[in-house]
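The values are calculated or read from the model by the stated rules, or taken from the named source; none is laboratory data. The structure presented is a predicted model; accordingly, all values stated were derived computationally and were not measured. Quick reminder, even Gly has a Cβ in these numbers, built from the backbone with ideal geometry, and neighbours come from all protein chains shown.
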Amino acid sequence: MKCNADAIIFQKYSGMHLCRKHFIEDVERKVKLTIRKHFNIGKNETLAVALSGGKDSCVVLYVLHKIFHERRDLNIVAISVDEGIKGYREHSLEYAKELASTLGIKHIIRSFEDEYGTTLDGLTAKNRVLGACSYCGVLRKSILNKVALEIGANRLITGHNLDDEAQTILMNHLSGDVDRMVRLDPPREIEGMVLRAKPLRKIPEKEVALYALVNDIPVDLEVCPYAHEALRGEVRDMLNGFESRHPGTKYSLLRGFDKMVKLLAADFPPATISKCRVCGQACNAEVCQACRLLEKI
Ligand SMILES: [Zn+2]
Ligand SMILES: [Zn+2]
């Protein structure tokens, strides 16, 4: 719709057919808009990018590098966490290494083994009551925050896309978890916690995959063997159904959330933050969630 080249995508929600060039432009325009609207990147900042090797994290690293590689004052560092998932993580880490080295970006890899003396496989074998995802999410975030603090990062950037965001928002609605919704918004500055940012939150998952494909970005397309969050799966199917019958639903959810969360924030003051008695990381209890999980073993 913008030139005479063949279209590679039809965006139902915008009614636009776009060629390769204009599709890439569209994605990057949305990323820049998100950055401008939700977080400013100041002078001499360090951006830590969580890099799993999957399509979302690879694309976010690639786009940030493309947008900012001329800003000599900015320092982009990729961080990967090796949870110790046999038959899966080894491969995705190779993709992460390859991309970081191609882009000339410093890459830090930290493992559960180094930090906690055991792997995710080891943890779940010992305790079957809690699913692997509950360990993985908490422990991975804890390592990412720790490494981001160590390197003096101003932001911790993740590859969450529009589908991830819309699913999480709807899941919080369904469970009535308003407190969690407030925490999902780009949070206020808290000492000991590096601020998060999600530049891909306005890019649909399919477009993230297409962007990786048309830019020849090496990404691991395998799915984590532990990935089966039941409620999220149901919500994903439901949202995809709505999106195809009512294009733009995912954007509407995000837009509504962004408006609402500002109003809610006034009623939900930030939790008082202290230091974990065990590991010293910032948390809102005496012992942080990661340490509590590890003590359960
Ligand atoms: Zn075009
Ligand atoms: Zn702790």
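Counting the residues of segment 137-162 that are more than 18 Å from VAL287 (Cα to Cα), touching an Asp or Glu at 6+ places or on another chain (Cβ under 6 Å) and crowded, with 21+ Cβ neighbours inside 10 Å gives 2.
Within segment 1-38, the set of residues being within 16 Å of ligand 1 (Cβ to nearest atom), outside any loop (DSSP other than H, G, I, E, B), among the aliphatic types (A, V, I, L, M) and out of contact with any His (no Cβ under 8 Å at 6 or more places or on another chain) comprises MET16, LEU18, ILE24, VAL27.
Looking only at segment 213-248, filter to residues that are crowded, with 17+ Cβ neighbours inside 10 Å and under 24 Å from ILE85 (Cα atoms); which one of those is modelled with the highest pLDDT? Ranking the candidates gives ILE217 first. Take the conditions (1) modelled with pLDDT under 90; (2) touching a strand residue (DSSP E or B) at 6+ places or on another chain (Cβ under 8 Å); THR158 misses just one of them, which is (1). So LEU200 clears everything in (1) away from ligand 1 (no atom under 16 Å from the Cβ); (2) in contact (Cβ under 8 Å) with a residue 24 or more places away in the chain; (3) surrounded by fewer than 18 Cβ atoms within 10 Å (Cβ to Cβ) except one condition, right? Which one? LEU200 satisfies all of (1) away from ligand 1 (no atom under 16 Å from the Cβ); (2) in contact (Cβ under 8 Å) with a residue 24 or more places away in the chain; (3) surrounded by fewer than 18 Cβ atoms within 10 Å (Cβ to Cβ) except (3). Scan segment 225-248 and give yes if some residue there is away from ligand 2 (no atom under 16 Å from the Cβ), in contact (Cβ under 8 Å) with a residue 40 or more places away in the chain, over 22 Å from LEU170 (Cα atoms) and not in a helix (DSSP H, G or I), otherwise no. Yes, segment 225-248 contains at least one residue that is away from ligand 2 (no atom under 16 Å from the Cβ), in contact (Cβ under 8 Å) with a residue 40 or more places away in the chain, over 22 Å from LEU170 (Cα atoms) and not in a helix (DSSP H, G or I). Among the residues that make up segment 86-104, is at least one of them of a type in the set (D, E, K, R), crowded, with 22+ Cβ neighbours inside 10 Å and in contact with a helix residue (DSSP H, G or I) (Cβ under 6 Å, 6 or more places away or on another chain)? Within segment 86-104 (the criterion being of a type in the set (D, E, K, R), crowded, with 22+ Cβ neighbours inside 10 Å and in contact with a helix residue (DSSP H, G or I) (Cβ under 6 Å, 6 or more places away or on another chain)), the answer is no, since none of the residues qualifies.
For segment 114-140, the candidate set comprises residues that are touching a residue at least 24 places away in the same chain (Cβ under 8 Å) and among the basic types (Lys, Arg); within that set, the residue that is nearest to ligand 2 (Cβ to nearest atom) is ARG140. Could you please let me know if ILE76 is modelled with pLDDT of 95 or more and within 16 Å of ligand 1 (Cβ to nearest atom)? Taking the combined requirement at face value, the residue does not satisfy it.
When every residue of segment 255-266 is checked against the conditions, none turns out to be exposed (fewer than 13 other Cβ atoms within 10 Å of the Cβ) and assigned to a loop (DSSP other than H, G, I, E, B).
Here VAL278 passes the criteria (1) touching a helix residue (DSSP H, G or I) at 6+ places or on another chain (Cβ under 7 Å); (2) part of a loop (DSSP other than H, G, I, E, B); (3) closer than 30 Å to GLY87 by Cβ; (4) not charged (D, E, K, R) except the one numbered (3). Restricted to segment 52-63, and to residues there that are in contact with a strand residue (DSSP E or B) (Cβ under 9 Å, 6 or more places away or on another chain) and assigned to a helix (DSSP H, G or I), the residue that is farthest from ILE108 (Cα to Cα) is LYS55. For the condition touching a residue at least 24 places away in the same chain (Cβ under 8 Å) and among the small types (Gly, Ala, Ser), ALA212 qualifies. Which of the residues belonging to segment 64-106 are assigned to a loop (DSSP other than H, G, I, E, B) and of a type in the set (D, E, K, R)? Those that are assigned to a loop (DSSP other than H, G, I, E, B) and of a type in the set (D, E, K, R): GLU70, ARG71, ARG72, ASP73, GLU83, LYS86. Scanning segment 195-213 for residues that are out of contact with any Asp or Glu (no Cβ under 7 Å at 6 or more places or on another chain), within 25 Å of ASN154 (Cα to Cα) and aliphatic (A, V, I, L, M) turns up ALA197, ILE203. If only residues of segment 280-297 that are surrounded by fewer than 16 Cβ atoms within 10 Å (Cβ to Cβ) and modelled with pLDDT of 85 or more are counted, the one that is farthest from the chain's Cα centre (by Cα) is GLU286. The lone criterion from (1) closer than 16 Å to VAL208 by Cα; (2) away from ligand 1 (no atom under 16 Å from the Cβ); (3) among the aliphatic types (A, V, I, L, M); (4) surrounded by fewer than 19 Cβ atoms within 10 Å (Cβ to Cβ) left unmet by ILE41 is number (1).
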